[in-house]
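Written out below as structure tokens is the structure these notes cover.
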Amino acid sequence: MIGQEKLRVDGPLKVSGKAKYASEHPVDNPLYAVIVKSTISNGTITNMATEEVEKIPGVVKVIHAGNALKLRPYPTGGDGGFNLFPGEPFIPLQDNKVYNIGQHIALILAETIEDARLGASRLKVSYQEKAAALDKERVYDDYVTPERYNTGEELQHRRGNFKQAKNSASVVVEEDYTVPAEHHNPMEPSATIAIWKGEKLTVYDSTQGVDNSRNCVAHCFEMDPKNVRLIAYYIGGGFGCKGFFWPHTLLAPMAAKIMDRPVKLILSREDMYTSAGHRPEVSQRITLAAENNGNITAAEHITYSYGSILGGHYEPCGLTSAKLYDIPNFSMVHQYTKLNYPTPTPMRGPGEANGSFALESALDELAEKLKMDAIDLRVKNFAAVNPVDNLPYSSNNVRECYERGAKLFGWNNRNRQPGKMVKNGQLIGHGMATATYPAYRSGGSCKLILDENGVLTVQTAIQDIGTGTYTVMGQIAAEASGLALENIKIEIGDSDFPAGPLSGGSMVTASAGSYIQKGAEKLKKQLLDLAVKQEDSPLFQLNSDKLSFANGTMQDSSGKKDTIQEVMKRANKKELVIEESSSVVKGFAFGQEAEYSYQSFGAIFVEANIDPDLGVITIPRIVGVFDAGTIINPKLANSQMYGGIIFGYSMALLEATEFDHDTGRIINADLAEYHVPVNADINDLTIEFLNMPDYKFSSHGGRGIGELSAIGVSAAIANAIYNATGKRIRNLPITLDKLL
Ligand code: MOS
């Protein structure tokens, strides 16, 4: 089962509209809620003309700081045993203060969503506005000058003596690279439905973490988590903006409690630009210093970005640079300011995707200066041991990725000199970059219930964000239990099930897959042990360790057989239940004690075609070869990699959130002005997996793949464009005007 191209089990439900997203769950007599967002970036609300809005037919109530429920704040320092991961530790509608544009300042409740929208558009709000810190490069007056500060130790790594080694090197590259802010734009915007029944609360929410969201709701409403049920059966993408818990998920239960009616709160596309995080703009300076033979002796990666006043995510671009290559003298610096912008959050490969653009572009610049092949330079500086924690990688086959990718792509045909390859009047460029992402594994638990008909139900509080989790968990459970795939029922997306990890950090398949596999193996052993003890079984008194068990049939080498149904009937059992859990793998976090470093790798190869007169960029083909351990389902994994590569393409050439640095407003908060690729942009994509199991990391040998594929692509494209044109573009996105 593991390694087979099974079709996605939720496919028919998805294409027929039967897989319900959060807002689509039918509810009796709901009220619709629409958020009113702050239009200033810093200040205080002085008045809100709520009576006018409440007179609009259909509008039922305006909830604001004056009449909202007081909720329990998030704890500062330790979370009292809860696992709480809010996107920002902020409870909405608790006072009149405003910290950023888009902050939720009121909620309009109405009988229809149209009435609620009308109400929201008519609510007149007066503010006392203060100057806001909105530009990380600007110095403000004393009151708002953002504090520029270095982060804690885990983001300030130093080894050797960077300055000294740099000064004695033969060749130095020192350049600045920028990546703009970006938004996740999942197909399904975030949405929450809240239904109270006495003390019990049911929440349908579009989230990458049902367990975390349940815990956050329970904490803020001071409830026993057992009384909160958070459901997310199907999710239309997340990419990180649904990874942590956002304030709107508190507003629906608050409104439902006040009104004593179910409430549906659906964020608009525009709401999504301020209510669920974004990838913050980053400036990076990379310095690489090398000997003439290509040995990189010193490197520095300085990241400069911002966080919000309310707190939350800081983009860590240097982490990967510090460990990807064997560089003896390294300096990693992260500096941030706090600005009055909506809170940033992880977005597919947070720190890696934008960090690798800078690092892998700089490596190309270094190869150029050294007159060395881009792959040779990377191989020369290969790290078998992670130089940050000095632990060997559990499995690092990046050199095999380079080799295989180069062959598939035809890298040998490349002319290293820019502007030399021309075809049909187009400049042709070839570029490559390394892809890499940490392998994370979290703890969690599951319940396995085998019934008398031989159907195995697997329950765990994970979720399928659209990547195929239902399918691959089924394959893992089928393989490990000996049951046929059709007889496995995967039940996830419900916080009432045993706690499971976030679908974030590309870790759900390794995390939940490992404890499900272990549990299913135990179940299989129990069944076989049961069979060989039954006098009426054809397997009576055989050695249970020597029996095979697949597709629901257990048998010995001579062909004696028994079935689950028979074994269960003889044992007079209606069900067999197993609970299994696993804890966090050591070394999963930066700097923890561990035996190995866990990381996935890949190599991306790109051909760029440039129209020399117009600067129009076409990417006719991209090849990606990946080392991510065992691939559970190559078909679904391929789709993931297509998505990730297109994500990287988009970062390289299209995406940018335009903030107005004077007002804090986002200028292009919609899919008309915020550009993402369409099918016509994407041409030939070739994906290959090395498929080399990493059993040191997970029980099935698989590592994560979701984020890996989005990394390195933007640099490979920039490097290909350089090879075509001789123009080195260090500021994303690479739009045609930059090539003219
Ligand atoms: Mo991902 S950015 O870890 O959801």
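The values are calculated or read from the model by the stated rules, or taken from the named source; none is laboratory data. Fair warning: this is a prediction, and the values are worked out from it, not measured in the lab. Counting neighbours? That spans all protein chains shown, and the Cβs are built from the backbone with ideal geometry, glycine included.
General observations
- Unmet requirement for Y649, which otherwise passes all of (1) under 30 Å from Q475 (Cβ atoms); (2) surrounded by fewer than 21 Cβ atoms within 10 Å (Cβ to Cβ); (3) of a type outside the set (S, T, N, Q); (4) in contact (Cβ under 8 Å) with a residue 40 or more places away in the chain: (2)
- Count of the stretch 238-259 residues which are in contact with a Ser or Thr (Cβ under 9 Å, 6 or more places away or on another chain) and within 14 Å of the ligand (Cβ to nearest atom): 8
- For the stretch 713-739, the set of residues classified as within 25 Å of the chain's Cα centre (by Cα), crowded, with 24+ Cβ neighbours inside 10 Å and either within 16 Å of the ligand (Cβ to nearest atom) or not in a loop (DSSP other than H, G, I, E, B) (or both) consists of V713, S714, A715, A716, I717, A718, listed by residue number.
- Search result, residues across the stretch 217-237 that are within 16 Å of the ligand (Cβ to nearest atom) and in contact with a strand residue (DSSP E or B) (Cβ under 9 Å, 6 or more places away or on another chain): A232
- For I302, the requirement of being crowded, with 24+ Cβ neighbours inside 10 Å and either without any contact (Cβ under 8 Å) to a residue 60 or more places away in the chain or of a type outside the set (K, R) (or both) is not met.
- Among the candidates M432, M473, the residue that is in the same structural domain as G615 (by TED's automatic domain parsing) and under 30 Å from F601 (Cα atoms) is uniquely M432.
- Checked against the criterion of being at pLDDT 95 or above and away from the ligand (no atom under 16 Å from the Cβ), the candidates A374, A384 yield just one match: A374.
- Restricted to the stretch 260-283, and to residues there that are under 14 Å from A181 (Cβ atoms) and either touching a helix residue (DSSP H, G or I) at 6+ places or on another chain (Cβ under 6 Å) or of a type in the set (D, E) (or both), the residue that is nearest to the ligand (Cβ to nearest atom) is V282.
- Residues located in the stretch 690-707, provided they are small (G, A, S) and over 17 Å from K635 (Cα atoms): S698, S699, G701
- Residue match in the stretch 411-421 (condition: buried (at least 21 other Cβ atoms within 10 Å of the Cβ), more than 19 Å from I711 (Cβ to Cβ) and touching a residue at least 12 places away in the same chain (Cβ under 8 Å)): yes
- First in the stretch 346-374 and touching a residue at least 24 places away in the same chain (Cβ under 8 Å), second anywhere and within 16 Å of the ligand (Cβ to nearest atom) and of a type in the set (F, W, Y), Cβ under 7 Å, 6 or more apart: M347/F239; R348/F239; R348/F647; G349/Y437; E352/Y437
- Output for the stretch 318-356, where each listed residue is under 30 Å from N381 (Cβ atoms), modelled with pLDDT of 95 or more and within 16 Å of the ligand (Cβ to nearest atom): P346, M347, R348, G349, P350, G351, E352, A353, N354, G355, S356
- Complete set of residues in the stretch 391-410 that are among the basic types (K, R) and surrounded by 17 or more Cβ atoms within 10 Å (Cβ to Cβ): R404
- Criterion: out of contact with any Ser or Thr (no Cβ under 8 Å at 6 or more places or on another chain), among the aliphatic types (A, V, I, L, M) and not assigned by TED's automatic domain parsing to the domain that holds G87 - qualifying residue of L366, L359: L366
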